[in-house]
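Here the structure is laid out as C-alpha cells; the discussion comes afterwards.
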Amino acid sequence: MIKCIAIDDEPLALQLISEYCAKISFLQLDKVFSNTDEAKKWLQENKVDLLFLDIQMPDINGLQFYKSLVEKPAVVFTTAYKDFAVDGFNVDAVDYLLKPFEYDRFLKAAYKAKEYLDFLGSQELQLNSIFVKVNYEIMKINLKDLELVEALDDYIKLYIKPSPVLTLMTLKSIQEKLPTRDFIRVHRSFIVPLAKIEKFSKTKLVVAGKEIPIGSSYSNVYDLLLQHSKTNRP
C-alpha cells in the first residue's frame with residue numbers, strides 16, 4: 001500500500017484527488033492539506049511514500065516546498081500551468097499532471113509512482129552488503145554490521161566487529177555504494193548509519209559509543225536526524 005497525501009489550495013482539486021485515490025486499491029490517502037505550513041508540520045511527525053503537490057500556491061511555490069523537505073517522498077506535481085513541467089522533472093518528479101486531469105490520466109500517474117516505489121524497494125532489499133578491497137582480497141561487508149565510516153587520508157576505515165578494516169577508496173566513492181535512506185554523511189570525514197545513532201545535538205552525535213562532530217557545512221543534518229527520530233519512534 002502506498003501512503004500518500006495531497007497538498008493544494010483549491011478545495012475542488014483536493015476533493016477530486018480524494019475521489020480518484022479512493023478508486024485505486026494500492027493508494028492510501030492519509031490526509032489532504034490546503035496549507036503548506038500545516039503539511040510540513042504533519043510530515044515532521046508522519047511518514048508517507050508519495051505527495052500529490054500543487055505548484056502554484058499563494059504562500060509558497062510547490063517546487064520550493066518540496067525542495068525544503070528534509071526527507072523527500074516521491075512526488076506527482078499537479079498544476080494548471082504547463083510552464084512548470086520542466087522544473088517539476090528537474091527535481092525528479094514521478095509525473096506532472098496538468099489540470100484539469102481526468103481519472104485515466106491520474107491512474108497512469110499512480111501506476112508510475114507504484115513502479116518507481118516498487119523499484120526502490122527492490123533495490124533496498126538487494127542492498128544488504130557491499131564488497132570492498134582489503135589488502136589483496138575482496139571482502140564482503142554486511143551493512144547491518146557497519147557502525148561507522150571514517151576517512152583517513154587516502155583510506156576509508158570501516159568500523160565492524162570484531163575489528164575495523166581499511167580499504168583504499170574515497171569517502172565519496174563509498175557513499176555512492178551505501179543506501180541513502182540508511183546512511184548519512186555528517187562531516188567531511190564521517191558517514192554514519194541512522195539506525196546506530198545513540199544520541200545527537202546540533203554539533204555532534206554519538207554512534208557505537210564514539211562521539212562524532214557534525215560539520216559546519218552539514219547544517220541540515222540536525223533537522224534530518226530530528227525528523228528521522230520522530231518518524232521512527234516505536
Is at least one residue of the stretch 164-175 surrounded by 15 or more Cβ atoms within 10 Å (Cβ to Cβ), under 16 Å from the mean Cα position of the chain (by Cα) and not aliphatic (A, V, I, L, M)?
-> yes
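Matching residues to (1) in a strand (DSSP E or B); (2) closer than 27 Å to residue 225 by Cβ:
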site	(1), (2)
15	no, no
25	no, no
40	no, yes
48	no, yes
51	yes, yes
66	no, yes
110	no, no
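Kindly establish whether residue 113 is among the small types (Gly, Ala, Ser), within 24 Å of residue 176 (Cα to Cα) and modelled with pLDDT of 90 or more. Spell out how you get there, then give the answer.
Details: among the small types (Gly, Ala, Ser): yes; within 24 Å of residue 176 (Cα to Cα): yes; modelled with pLDDT of 90 or more: yes.
When the stated conditions are applied, residue 113 passes them.
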For the stretch 93-100, state whether one or more residues are surrounded by 15 or more Cβ atoms within 10 Å (Cβ to Cβ), modelled with pLDDT under 85 and not in a strand (DSSP E or B).
-> yes
So is residue 71 surrounded by 11 or more Cβ atoms within 10 Å (Cβ to Cβ), modelled with pLDDT under 90 and assigned to a loop (DSSP other than H, G, I, E, B) or not?
-> yes
Among (1) under 21 Å from residue 43 (Cα atoms); (2) touching a residue at least 24 places away in the same chain (Cβ under 8 Å), where does residue 197 come up short?
-> (1)
Restrict the check to the stretch 135-142 and report whether at least one residue is surrounded by 13 or more Cβ atoms within 10 Å (Cβ to Cβ) and assigned by TED's automatic domain parsing to the domain that holds residue 213.
-> yes
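Being at pLDDT 80 or above, more than 30 Å from residue 12 (Cβ to Cβ), aliphatic (A, V, I, L, M) and assigned to a helix (DSSP H, G or I) is true for just one of 174, 156. Which residue is that? Outline the logic, then answer.
Working: 156 fails: assigned to a helix (DSSP H, G or I).
Result of the check over 174, 156: 174.
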Members of the stretch 153-174 found to be without any contact (Cβ under 8 Å) to a residue 24 or more places away in the chain and within 14 Å of residue 210 (Cβ to Cβ), listed by number = 157, 160, 161, 164
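Can you say whether residue 146 is surrounded by 12 or more Cβ atoms within 10 Å (Cβ to Cβ) and either under 20 Å from the mean Cα position of the chain (by Cα) or at pLDDT below 90 (or both), as far as the supplied structure shows? Steps first, please.
On the way: surrounded by 12 or more Cβ atoms within 10 Å (Cβ to Cβ): yes; either under 20 Å from the mean Cα position of the chain (by Cα) or at pLDDT below 90 (or both): no.
The answer is no for residue 146.
The values are calculated or read from the model by the stated rules, or taken from the named source; none is laboratory data. Keep in mind it's a predicted model, so treat the numbers as computed, not measured. Methodologically, a virtual Cβ is constructed for each residue, glycine included, from the backbone with ideal geometry; neighbour enumeration extends over all protein chains shown.
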